[in-house]
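For reference, the structure discussed in these notes is given below.
The values are calculated or read from the model by the stated rules, or taken from the named source; none is laboratory data. Since the model is a prediction, treat every value here as computed from it, not as a measurement. Glycine gets a Cβ as well: all are built from the backbone with ideal geometry, and neighbour counts include every protein chain shown.
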Amino acid sequence: MTTLLEIEDVSLLYGRIKALHGISLTVDEGEIVALIGANGAGKSTTMRAISGIRPVASGRIRFDGEDITKLRADLRVRRGLCQAPEGRGIFPGMTVMENLDMGAYTRRDRPEVAKDLAKVLELFPRLAERRKQVGGTLSGGEQQMLAVGRALMSRPKLLLLDEPSMGLAPMLIQQIFSIITEINQQGTTILLVEQNAQQALARAHRAYVLETGRIVKEGTGAELLHDPSVKEAYLGVA
Amino acid sequence: MNSVREWIYTGRHAVAERWHNAPRWTRWAVIGAVIVFFYALPNREFYQWLGPIPTTGSNFGQVLFTISIYVLLAVGLNIVVGFAGLLDLGYFGFFAVGAYTVAVFTSPSSDLKTLWPWLLALPLAIALTMVSGVFLGTPTLRLRGDYLAIVTLGFAEMIRVAATSSEFLKGQRGFNQIPHPPGSYSDGKPIFGVLDPRPYYWLVLTVIILVVIGVRNLNRSRVGRAWISIREDEDAAQLMGVPTFKFKLWAFASGAAIGGLAGALFAGKQNFVSSQNLELLNSIIILAAVILGGSGNIVGAIVGGGLVAYLIERFRGIEFFGVELYEYRFMFFGLILVVMMIFRPQGLIPNRRRAAEFKDRRKEVIVGG
């Protein structure tokens, strides 16, 4: 299996505060990799470093055989790396269709875009129902789906999902994770950040545990799911 | 009170609805009628029937020219503030660059003594303002938020100080005998003279129509979509692959170019440019006009620019219990702004998206505590 994303010893600063202390991780083609950890552990920061929204202080990021450490965020999207931002990261004044259309911003292959649009609407029937509704008026779950669908419209090689289950009802959490698995089975590699460790570990091939900006544990999803310390800290079982 | 508001609200919606559902030819007919109205407006034979609308204290043609310049500036600033969501507090600085470029290259009182005709200086004025926009934007547009507002404020002030105190730019003495735009009637008299302000108004009106067509097309293209995405959520825009810096710079430079164009037109009419034209207040007035009209909406910007400039002029020559109301014009202006921001923060004719963004932001404030 080939390595799609490789992060080597990446540190990141917010002003003078070090948010990431030299973390390293890899994502292989076809995998779902989860990054779990408590609030403020640096999960979203890691995502920002990978997508290029925040510059890294040191370390290297390689994607698809290329060093992208210094590459601008929008050019990373063109190389096939797309992030669905957490929570309310959709365009609130645009309709559902306009939002999805923005996802395909970098693409010129109109017929293929139309095919992907049909796929996304099939994946998220709710979005199809609300295609003309303005993004800001959608419910939290629908906004989350829109963010994922919009990212898919760029036809990424690697999809970054930042807290896809945040603020959702348990039923919806199940649903969104099923969709994530389905997206993966259709051939998209996924790196996902989650507070909902139970679901994330159950669905992921491999996972990393992040604590105060450092990776403290790694393993397959099943391994970590049964790891006593992970159980205690993140799964709420003693 | 509430029912009145509701009535206005639904009434306005009905108008908007009807407008969008009207057949194409009706819309064109209405737009055509509005354009004809504004071309006819400065003629006494026409405006004498309009009751209290024409200004009493000053030449109505002259007032209309001033208003048209403000409208052009509002349309330009709307690209920067309304479309791309960049707060520019020194937009008038670009107007100054345009006016001074024309002055320096055409006026006999300039040290350059190039004495170019107005029309030759016009493209240079536009180009130079665009360059100054890029120059100012390159270091600052990479930063987020309030930095840009401060830098643009400083820029306009810098231009003013330079114009006031530099020997080359002549300070308050200014540049005189700036040539008028070319053209003459069949009897050999120049179209653009000193006495009649109307041809200048018609010229600016024509320029506004052309600029609006251009801006509208730009806004409906990929460029426009990129601007909207940046305004709505800059991080998300970047995550979708929009080169945000490039498009912010584009918005800034095109806005600047329109400001420079307005400055050049003004210089050609006034045939005198000095540092006295460059008050900070002008930048604020234009910004207020865009926000008042409904930022992000071209029609809103036009209405805002026209209304603000008109109201300020309208106060001239009106006495109320022995008080000259013109002296208090900015007090009323401020009052209107405050009231507007409380009851209708999205402006008179808001953009559909903008209204949704406002609601979204409010929700965010509540959710975030």
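For segment A:166-203, how many residues meet the condition of being among the hydroxyl-bearing types (Ser, Thr, Tyr) and under 11 Å from the mean Cα position of the chain (by Cα)?
Matching residues across segment A:166-203 total 1.
Selection within segment A:56-86: residues that are buried (at least 21 other Cβ atoms within 10 Å of the Cβ), of a type outside the set (Phe, Trp, Tyr) and assigned to a strand (DSSP E or B). The member of this set that is farthest from the other protein chains (Cβ to nearest Cβ) is A:Ile61. Among the residues of segment B:327-341, the ones that are over 22 Å from the mean Cα position of the chain (by Cα) and in contact (Cβ under 8 Å) with a residue 12 or more places away in the chain come to 1 in all. Can you confirm whether B:Arg225 is within 14 Å of chain A (Cβ to nearest Cβ), in contact (Cβ under 8 Å) with a residue 24 or more places away in the chain and within 30 Å of A:Arg108 (Cα to Cα)? Taking the combined requirement at face value, the residue does not satisfy it. Inclusion of A:Gly103 among residues that are crowded, with 23+ Cβ neighbours inside 10 Å, at pLDDT below 95 and facing chain B (nearest Cβ under 7 Å) is warranted. Exactly one residue out of A:Arg126, A:Arg155, A:Arg108 is outside any helix (DSSP H, G or I) and farther than 22 Å from A:Leu191 by Cβ: that is A:Arg108. Only one entry in B:Ile213, B:Ile230 is within 14 Å of chain A (Cβ to nearest Cβ) and under 25 Å from B:Asp88 (Cα atoms), namely B:Ile230.
Please enumerate the residues belonging to segment A:34-52 that are within 14 Å of another protein chain (Cβ to nearest Cβ) and either in contact with a Lys or Arg (Cβ under 9 Å, 6 or more places away or on another chain) or more than 20 Å from A:Leu210 (Cα to Cα) (or both).
A:Thr45, A:Arg48, A:Ile50, A:Ser51, A:Gly52
Quick check: is even one residue across segment A:109-118 out of contact with any Cys (no Cβ under 8 Å at 6 or more places or on another chain), within 10 Å of chain B (Cβ to nearest Cβ) and under 21 Å from B:Arg225 (Cβ atoms)? Checking segment A:109-118: not a single residue is out of contact with any Cys (no Cβ under 8 Å at 6 or more places or on another chain), within 10 Å of chain B (Cβ to nearest Cβ) and under 21 Å from B:Arg225 (Cβ atoms). For segment A:29-49, residues that are in contact with a helix residue (DSSP H, G or I) (Cβ under 8 Å, 6 or more places away or on another chain), part of a loop (DSSP other than H, G, I, E, B) and hydrophobic (A, V, I, L, M, F, W, C) total 1. Condition (residue is farther than 23 Å from B:Gln346 by Cα, free of Cβ contacts under 8 Å to residues at least 24 places away in the same chain and in a helix (DSSP H, G or I)) applied to segment B:68-77: is it met by at least one residue? No, every residue in segment B:68-77 fails to be farther than 23 Å from B:Gln346 by Cα, free of Cβ contacts under 8 Å to residues at least 24 places away in the same chain and in a helix (DSSP H, G or I). Of the residues making up segment A:129-146, those that are among the hydrophobic types (A, V, I, L, M, F, W, C), within 14 Å of another protein chain (Cβ to nearest Cβ) and outside any loop (DSSP other than H, G, I, E, B) are A:Val134, A:Leu146. Somewhere in segment B:183-198, is a residue modelled with pLDDT under 85 and on the phi > 0 side of the Ramachandran plot? Yes, segment B:183-198 contains a residue that is modelled with pLDDT under 85 and on the phi > 0 side of the Ramachandran plot. From the list B:Lys269, B:Lys248, the one residue that fits, being of a type in the set (D, E, K, R), away from chain A (no Cβ under 14 Å) and outside any loop (DSSP other than H, G, I, E, B), is B:Lys269.
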